[in-house]
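Everything below concerns the one structure shown next.
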Amino acid sequence: MIPRSLGARLLAAFALLALAIVVGVGSALFVALRGLHQDATLGALSDVAGSVLPQVRESIGTGQLRGTVLEVRDQLAERDIDLLLVGADGRLKAIGGGVATGSFGPVLLTRDALPGEDVRGSLDLHEGGYDGRYVYVATALRRAGNAGPRAVAFLEADRSGALALADVGRTIPVVIIVILLIATPLAIVLARSVTRPLRRIAAATGEIPAGRAISLPLEGPAEVRNLTGTFNAMSADMEATRQRERDLLGNLRHDLRSPLTVIAGFATALRDGTARGERAKAAARAIEEEAGRLERLIAKVGAIERIRSGEEAIRPEHLDAGEVLASTATRFGPRAASAGVTLGVATAPGATLSIAADRLALERMLGNLVENALEATTSDGTGSDKATGSIVVQAGPATLPGGVEAIRFDVIDDGPGFAPDAAARAFERFWRADPARAGTGSGLGLAIVQELAAAHGGVAHAEAHTPRGARVGFTLPRVPGPVPRVDGLTRGSNPG
């Protein structure tokens, strides 16, 4: 049965690895020890052969070879060693009743073996009264072709396998104990180094729905550290998203409360009869204006959602960015002049400003930026009107990430500018940098600019302008293309 927990699986994997090591070590030991025991047996047989061969050679000269062999054989039988003759064909010949019988077994001596030469090895015998594996030492007595037995062979049952297995049986428990003493603590430490950070991530994940942002220490293997880093980034992003949602709801309440308060106040006056005649007409106009303001607010919110969902698709056409800038300046010129603000247009000298974009969307984006700049320029940050100010609408060649050719549009004003770190949030819905930009706007103009820029495959950007004011704009590719959406943030990096 496969363990369910990761820690148990890791420990099981270490256990299987340890078992494989034990089996491998045992197998290697068995092979090595078997060879050592077989060599030791062959060495002992060689010593025995060396001690009895002089007696056997002497019996050849006296014609008593078979008798001597039988006598020596009986002596060696007490030591479980058998003595056989090797016939002229190089094969074993059993001795029974003092007479050598037929040959059996494999060829032990080749024809070129010289007298006194030893041949050692092992063989399987299943005939001649033998059944099993034996080790042997055969010593040549005569040259090939001479009459009589060519050699004598000393055989002993091969017990090297059993002896090696017994040695392994005594050694393996020691190996297992060593592995348990060394590998078990190591396996536990390694398993915990993986499971502890994962448990911490699991516990922290349960805290996220409660609205608590958690940053965990980077611990464990590289893969676990990467996972922890990703979790920390996700937790931080979720906290930032919650903060933006709180700000969004707060600003939305503020934007709804003001017109609703006006509407409720004048409606009460009309109901109570305190507003009559001209005052009743003024109350009705105020209610109408505030209702219109609410309607415009709802329309802008709907516009953002339509752009995001793709319902409000862009329809690119070949445009001259310089001509669109001039048209925007003409459209807002009278309003700027009445507010004492100079509205100018600037383009890069000699630059080609052709672009494929949706004209209505481009005019809407520039219009929102100019309206935002007019509101900021005609306020000094305390709500009082300024006597003069300036706004510049400009465009020039730029490059988006990836080397995409683009056109950058900017609206620069000399208003109070952005507070520190406020520019990064300029495109959030209903968000305002400070009271200087509160005005009577909906707080959605720049959000619409960002969505339309993204729909073209571009980015929106905002920054403080030196020495005073703000620089807000967008960069569009000369040919529209999609870019990844990052809700609540400007997309891409500011070019230029």
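The values are calculated or read from the model by the stated rules, or taken from the named source; none is laboratory data. Just so we're clear, the structure is a prediction, and the values are computed from it rather than from any experiment. For neighbour counting, all protein chains shown are included, and Cβ atoms are generated from backbone atoms with ideal geometry for every residue, glycine included. Keep in mind that these areas ignore ligands, DNA and RNA; they rest on the heavy atoms of the full protein, side chains included. Shrake-Rupley method; radii C 1.70, N 1.55, O 1.52, S 1.80 Å.
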Task: Per residue accessible area of segment 146-243, 1.4 Å probe, in Å² - done: 56 Å²
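Dipole of segment 68-143, Cα-centred, from +1 at each Lys and Arg C-beta and -1 at each Asp and Glu C-beta, to the nearest 20 debye? Write down the numbers at each step before the final one.
On the way: 9 positive and 12 negative charges, 59 e Å.
Computed about the Cα centre, the dipole is about 280 debye.
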- [ ] Choose one of A166, A151, L180: the residue whose Cα lies farthest towards the positive end of the charge dipole of segment 89-189 (beta-carbon charges +1 Lys, Arg; -1 Asp, Glu; about the Cα centre).
- [x] A151
Task: Directionally averaged shadow of segment 47-130, computed from the convex hull of its alpha-carbon atoms, nm² - done: 5.8 nm²
TODO: May I ask you to give the percent of accessible area on segment 161-215 that is carbon plus sulfur, with a probe radius of 1.4 Å?
DONE: 73 percent
- [ ] Report the normalised scattering of segment 66-224 as log10 I(q)/I(0) at q = 0.13, 0.20 Å⁻¹, calculated by the Debye formula with identical scatterers on the alpha carbons.
- [x] -0.74, -1.21
Open item on the list: In whole percent, and with a 1.4 Å probe on the protein chains, what portion of the accessible area of segment 1-121 is carbon and sulfur?
Closed with: 60 percent
Task: Estimated vicinal HN-Hα couplings, Hz - segment 6-18 in sequence order (Karplus 6.51, -1.76, 1.60; Gly, Pro = x) - done: 5, x, 5, 5, 5, 5, 4, 5, 5, 4, 5, 5, 4
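Out of the trypsin sites (Lys or Arg not before Pro) in segment 1-51, which ones are loop residues according to DSSP with at most 12 other C-beta atoms within 10 Å?
Listed in order of number, the matching sites are R4.
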- [ ] From largest accessible area down, sort M365, M234; use a 1.4 Å probe on the protein chains.
- [x] M234, M365
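So with the 1.4 Å probe, I'd like the accessible area per residue for segment 1-142, rounded to whole Å². Mind showing how you got there, number by number?
On the way: 7860 Å² over 142 residues.
Averaged over the residues of segment 1-142, the accessible area is 55 Å².
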TODO: Skip the ligands, DNA and RNA, and give the accessible area per residue of segment 323-429 with a 1.4 Å probe, whole Å².
DONE: 42 Å²
